[in-house]
Amino acid sequence: TKTISKCYVQVTGMTCASCVANIERNLRREDGIHSILVALMAGKAEVRYNPAVIHPSAIAELIRELGFGATVMENCGEGDGILELVVRGMTCASCVHKIESTLMKTNGVLYCSVALATNKAHIKYDPEAVGPRDVIQVIKDLGFTTSLVKRDRSASHLDHKQEIRQWKRSFVVSFVFCIPVMGLMIYMMVMNSHPSDAHTHHNMSSEEREASHSPMLLDYQLLPGLSVMNFLSFLLCVPVQVFGGWHFYIQAYKALKHSTANMDVLVVLATSIAFLYSFVILLVAMAERAKVNPVTFFDTPPMLFVFISLGRWLEHVAKGKTSEALARLISLQATEATIVTLGPDNVLLSEEQVDVELVQRGDIVKVVPGGKFPVDGRVIEGHSMVDESLITGEAMPVTKKPGNTVIAGSINQNGSLLIAATHVGADTTLSQIVKLVEEAQTSKAPIQQFADKLSGYFVPFIVAVSVVTLLAWIIIGFVDFGIVEKYFLGYSKSISPAEVIIRFAFQASITVLCIACPCSLGLA
């Protein structure tokens, strides 16, 4: 008996079905080549050859001579079929052993493991020698019922609806509360920069300065140390911190748990510190019954959350668009196939409907007018026009006669065809396209990887800088109090210099954090 080996060759430079036909036609003529099967989208050829006559490197050379790039693929396990089954009716370990041992004796089954607890069987097989239907039949003959693990064909893992919803909600919440905070802030700025007050400001004590502003409702103190402005800002800031920032907190926690720092950590850090610092300062001011209202940062978190959640929302909307296209592609796949058994002279003996995953290579599949092709194959009998626009973009139907190739997912129009399956399951052109689009979606753009890497260094760097700022100002303050006094306007003379320095240092370091947080890197 002639021994026949199998090898896989990676082929580059194929552009259409005629390239495939060209390679297959030319190689079949060569001595020692038993059969060849080329997959266009995957860019690989499966060659069965007689090792006594020809070597894989020679086969690759033959393909190169036709004008394509070809390299022999080392890992030949590529072509193994994998089957996941649900097996019912197993009661004990001996049932498991019975199934496993019988399957391993079956020609073409390479590996098999059955789990009693989950009722699942995982089988690897050589699609040349055996197919999923044969395996299922073996298990049925042993007296167990079995079915395929139902694949989720809906592409729901590519659906961004939930993320779109959550970021939209988080943006809307932040935005609603951000507007009044910004309004208050702008109002304060306008009121504080009245030229009429500017001249008189410098030669007044802080108590008088407070009095000169007293008509302003926002500076009116509800309690000593708690102005209307700060109270309103605090009330508006809490819901944003909780509802707007909820997802950021979760993401940041997850990142820190794996001891990495991402943009979310920076966002959370800056907003939380700004919020807590402002809150503590308010409490201190109330405890001191301060006459001057402390400077708070309640306006920072809402504005930050607005910008960043808007960015995230838009990003997911954009991703959702590509996913829609992919979901449409996936929906083109047929779910069932009609397999027929042919007698001599292509007489139909029987036909049965099976799941498309159960179609094996070499099966004869019947496709009626108006039906979809469940697998890639070659026409054996019948003439028809086929609409292949979904794959090729060609609007005109293509004529198919015996010997032509057909593509899974295309639509048969007017004649009934019998086709021999050549590529099934994950090897069909459509599955390959879906796989390529999925890979393109899940892999990051190089610039994005670079940005992620940078932000890994950026976060610790910013935190370090703000700590340095804090320490530097404390040291400067204790060495020369005059400098702090010059920059830190409006502090109440009633508190000790040391406290003034600490407050000012804190303010400076938090400013660093808050400014670095919505950095262009994160927003971009």
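Before moving on, here are some points about what is shown:
- Subset of region 332-357 that is in a helix (DSSP H, G or I) and not charged (D, E, K, R) - its residue that is farthest from Gly409 (Cα to Cα): Pro344
- Answer from Ala421, Ala464 - the residue that is assigned by the TED database to the domain that holds Val379 and at pLDDT 80 or above: Ala421
- Taking the criterion of being among the aliphatic types (A, V, I, L, M), outside any loop (DSSP other than H, G, I, E, B), in contact (Cβ under 8 Å) with a residue 40 or more places away in the chain and under 16 Å from His97 (Cβ atoms), the residues of region 118-146 that qualify are Ile123, Ile139.
- Among the numbered conditions (1) under 23 Å from Gly81 (Cβ atoms); (2) open to solvent by 30 Å² or more (accessible area, probe 1.4 Å); (3) not in a strand (DSSP E or B), the only one that Gln360 does not meet is (2).
- Number of positions in region 370-404 that are closer than 18 Å to Asp427 by Cα and open to solvent by 60 Å² or more (accessible area, probe 1.4 Å): 3
- Yes/no for Thr102 being under 30 Å from Asp141 (Cβ atoms), more than 32 Å from the chain's Cα centre (by Cα) and not in a helix (DSSP H, G or I): no
- Filtered residue count, region 286-307, keeping only those that are modelled with pLDDT under 80, farther than 24 Å from Ile179 by Cα and not charged (D, E, K, R): 2
- Some residue of region 109-117 being of a type outside the set (D, E, K, R), closer than 26 Å to Asp363 by Cβ and modelled with pLDDT under 85: no
- Any strands (runs of 3 or more DSSP E) falling wholly within region 1-96 and containing at least 2 residues that are free of Cβ contacts under 8 Å to residues at least 40 places away in the same chain and within 29 Å of Asp355 (Cα to Cα): 33-39, 44-49
- Among the residues making up region 134-148, those that are in contact with a strand residue (DSSP E or B) (Cβ under 7 Å, 6 or more places away or on another chain), surrounded by 14 or more Cβ atoms within 10 Å (Cβ to Cβ) and within 16 Å of Thr106 (Cβ to Cβ) are Val135, Ile136, Ile139, Phe144, Thr146.
- Residue match in region 286-307 (condition: part of a helix (DSSP H, G or I), hydrophobic (A, V, I, L, M, F, W, C), touching a residue at least 60 places away in the same chain (Cβ under 8 Å) and in contact with a strand residue (DSSP E or B) (Cβ under 6 Å, 6 or more places away or on another chain)): yes
- With respect to being closer than 23 Å to Val434 by Cα and either out of contact with any Cys (no Cβ under 9 Å at 6 or more places or on another chain) or at pLDDT below 95 (or both), Ile407 fits the description.
The values are calculated or read from the model by the stated rules, or taken from the named source; none is laboratory data. In this text, all values refer to a predicted model and were calculated from it rather than measured experimentally. Quick reminder, even Gly has a Cβ in these numbers, built from the backbone with ideal geometry, and neighbours come from all protein chains shown. In case anyone asks, the SASA skips ligands and DNA or RNA and just uses the protein heavy atoms, side chains included. Shrake-Rupley method; radii C 1.70, N 1.55, O 1.52, S 1.80 Å.
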